[in-house]
Amino acid sequence: MQRALPGARQHLGAILASASVVVKALCAAVILLYLLSFAVDTGCLAVTPGYLFPPNFWIWTLATHGLMEQHVWDVAISLTTVVVAGRLLEPLWGALELLIFFSVVNVSVGLLGAFAYLLTYMTSFNLVYLFTVRIHGTLGFLGGVLVALKQTMGDCVVLRVPQVRISVMPMLLLALLLLLRLTTLLQSSALASYGFGLLSSWVYLRFYQRHGRGRGDMADHFAFATFFPEILQPVVGLLANLVHGLLVKVKICQKTVKRYDVGAPSSITISLPGTDPQDAERRRYCEIFQNLVKLGAYWSSHMPSVEVFAVHKVETYSQVLGKIWKDKISFWA
């Protein structure tokens, strides 16, 4: 254990040193607000449904609730989530888009959670749902990160025995949190935050995120039904299509567009949603990324320590991997 701690500190230091200003600022804000909770009551930074709406209108809580934690293990989860997002998503999107994604997910979680508890109060007339419940923490952003990873590298394997892919992680964690809620080991606000984080991040990435190829991602592997087991996908897909049709009619979502390339050298080619060559490229680079991770494990055990790289001003493996990841998957930007 004593030998492992210095190595862990070195690795963490290398990660933070190569992180962007956005990642460092979010991590610093989480730590600062946690330390501040020992001196003052930070409840005014969490979303309380009864205070978010008029006449109180605590609108600032929509910006602060995602950074407020009350336990040290929650702080660890928050920092890990932000660092993972910085390592895997920021090279694809850029620091600004990562910050926009963080803001969109957290504001949506705060609003949707407050409305959900308001509706619960209207059916039960229990004031606990208005003035006792507090929505806070990065579980909503964690759900958003898992959805984004499903979109960008869903075929990557997280566990080999049993085999678990990133694509099933969002719903797998949701099932785990639901089980903890049924055993009263988890507060309802935490489950609501994660669930609304999944939903809001999927809507944003599916329909609204801007990138070089336009807006959104209408690939078949990222459809709403793919989050559910195969036996439920036909029913969920039918319901999702009905909801999407209604949203298109009220002009909240855009209609799925088929692209025709009449300027192709041969006959007319048709590009349908889900058959975009970018999807094949994404899967191919996911395999490349896994091979690089294996190479990194060998490199870390056979090459000099982090200090030697720093002395000779040679890039660490994490920096090299980040550059390769950014350069090779630049089609997503």
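Right, residue 154: more than 23 Å from residue 18 (Cα to Cα), open to solvent by less than 40 Å² (accessible area, probe 1.4 Å) and modelled with pLDDT of 95 or more or not?
Details: more than 23 Å from residue 18 (Cα to Cα): yes; open to solvent by less than 40 Å² (accessible area, probe 1.4 Å): yes; modelled with pLDDT of 95 or more: no.
No.
Residue-wise test of (1) modelled with pLDDT of 95 or more; (2) farther than 29 Å from residue 256 by Cα.
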residue	(1), (2)
118	yes, yes
141	yes, no
168	no, no
192	yes, yes
### Message
Looking only at the stretch 149-160, how many residues end up being free of Cβ contacts under 8 Å to residues at least 60 places away in the same chain and basic (Lys, Arg)?
### Response
1
### Message
Restricting to the stretch 75-95, and then to whatever is open to solvent by 40 Å² or more (accessible area, probe 1.4 Å) and not hydroxyl-bearing (Ser, Thr, Tyr), can you tell me which residue is nearest to the chain's Cα centre (by Cα)?
### Response
84
### Message
For the structure I just gave you, tell me whether residue 142 is surrounded by fewer than 23 Cβ atoms within 10 Å (Cβ to Cβ), in contact with a Gly (Cβ under 9 Å, 6 or more places away or on another chain), in contact (Cβ under 8 Å) with a residue 40 or more places away in the chain and under 17 Å from residue 88 (Cβ atoms).
### Response
no
### Message
Cβ-Cβ distance below 8 Å, separation of 6 or more or different chains: which pairs start in the stretch 224-253 with a residue that is within 21 Å of residue 165 (Cβ to Cβ) and end on one that is outside any helix (DSSP H, G or I) and not hydroxyl-bearing (Ser, Thr, Tyr)?
### Response
225/232; 236/228; 237/223
### Message
For the stretch 140-185, which positions are hydroxyl-bearing (Ser, Thr, Tyr) and touching a helix residue (DSSP H, G or I) at 6+ places or on another chain (Cβ under 9 Å)?
### Response
152, 167
### Summary
Note on residue 188: of the conditions (1) within 16 Å of the chain's Cα centre (by Cα); (2) open to solvent by less than 50 Å² (accessible area, probe 1.4 Å), unmet is (1)
### Task
Residue by residue through the stretch 102-124, note down the ones that are hydroxyl-bearing (Ser, Thr, Tyr), surrounded by fewer than 15 Cβ atoms within 10 Å (Cβ to Cβ) and within 24 Å of residue 147 (Cβ to Cβ).
103
### Task
Among the numbered conditions (1) crowded, with 18+ Cβ neighbours inside 10 Å; (2) at pLDDT below 95; (3) under 19 Å from residue 28 (Cα atoms), tell me where residue 62 comes up short.
(2)
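Using the structure shown, decide if residue 163 is without any contact (Cβ under 8 Å) to a residue 60 or more places away in the chain, touching a strand residue (DSSP E or B) at 6+ places or on another chain (Cβ under 7 Å) and polar (S, T, N, Q). Lay out the reasoning, then the answer.
Working: without any contact (Cβ under 8 Å) to a residue 60 or more places away in the chain: yes; touching a strand residue (DSSP E or B) at 6+ places or on another chain (Cβ under 7 Å): yes; polar (S, T, N, Q): yes.
Answer is yes for this residue.
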### Query
Of the residues that make up the stretch 178-192, is at least one in contact (Cβ under 8 Å) with a residue 60 or more places away in the chain and either under 26 Å from residue 248 (Cβ atoms) or in a helix (DSSP H, G or I) (or both)?
yes
### Message
So, residue 67, is that one at pLDDT 95 or above and open to solvent by 40 Å² or more (accessible area, probe 1.4 Å) or not?
### Response
no
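Here are some residues: 111, 92. Which one is within 18 Å of residue 53 (Cβ to Cβ) and not small (Gly, Ala, Ser)? Before the answer, list the steps.
Working: 92 fails: within 18 Å of residue 53 (Cβ to Cβ).
Step by step, each of 111, 92 is checked, and only 111 is within 18 Å of residue 53 (Cβ to Cβ) and not small (Gly, Ala, Ser).
The values are calculated or read from the model by the stated rules, or taken from the named source; none is laboratory data. This is a predicted model, so every value here is computed, not measured. Using ideal geometry, Cβ is built from the backbone for each residue, glycine included, and neighbour counts are taken over all protein chains shown. SASA here: full protein model, heavy atoms, side chains in, ligands and nucleic acids out. Shrake-Rupley method; radii C 1.70, N 1.55, O 1.52, S 1.80 Å.
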